[in-house]
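In what follows, a single structure is set out as structure tokens and then discussed.
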């Protein structure tokens, strides 16, 4: 097949990619979300992102791109849900006997944590969120990401080191 026919931005090529990978991608996402509606949303967002970046994605690496994008969208949703839960907990706490200074410091600390997580390199953030938010073991993360357990350990080490430095800044 000529190189010209492998351009993802061509509607027929894009459609062929969708037909080829959508079913497996949907299973992958559903395994994570356990929610069909959320799965459909992530699947749609993933292919929208592929279309938006079709000029920059290598045709021969499109499968990896799709699964990475879907996983990142999922992780961002989980991170957002955690922030919402923290905010809900904060609202409940505001009805307690804690001082306004304590509540303000706690809010600032949560913002520092969120900012530190957001500024982690993608590979480290992914491992950090899978381990600390989703409670996945290193072995499970290694299998999901198709990397070694040592690589997971290394990414987590650097993520924790970075988080400690960022949160410790005044």
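The values are calculated or read from the model by the stated rules, or taken from the named source; none is laboratory data. If you're wondering where the values come from, they're calculated on a predicted model, not measured in any experiment. Cβ coordinates were reconstructed from backbone atoms using ideal geometry, including for glycine residues, and neighbour counts include every protein chain displayed.
Going by what's in this entry, would residue 26 be described as free of Cβ contacts under 8 Å to residues at least 60 places away in the same chain, surrounded by 16 or more Cβ atoms within 10 Å (Cβ to Cβ) and outside the structural domain of residue 136 (by TED's automatic domain parsing)? It would help to see each step written out before you state the result.
Details: free of Cβ contacts under 8 Å to residues at least 60 places away in the same chain: yes; surrounded by 16 or more Cβ atoms within 10 Å (Cβ to Cβ): yes; outside the structural domain of residue 136 (by TED's automatic domain parsing): yes.
Spelling it out, residue 26 is indeed free of Cβ contacts under 8 Å to residues at least 60 places away in the same chain, surrounded by 16 or more Cβ atoms within 10 Å (Cβ to Cβ) and outside the structural domain of residue 136 (by TED's automatic domain parsing).
Taken across segment 84-93, residues that are closer than 24 Å to residue 136 by Cα and at pLDDT 90 or above do not occur at all. Scanning segment 1-31 for residues that are in contact with a helix residue (DSSP H, G or I) (Cβ under 7 Å, 6 or more places away or on another chain) and not in a helix (DSSP H, G or I), we see that the one that is modelled with the lowest pLDDT is 7.
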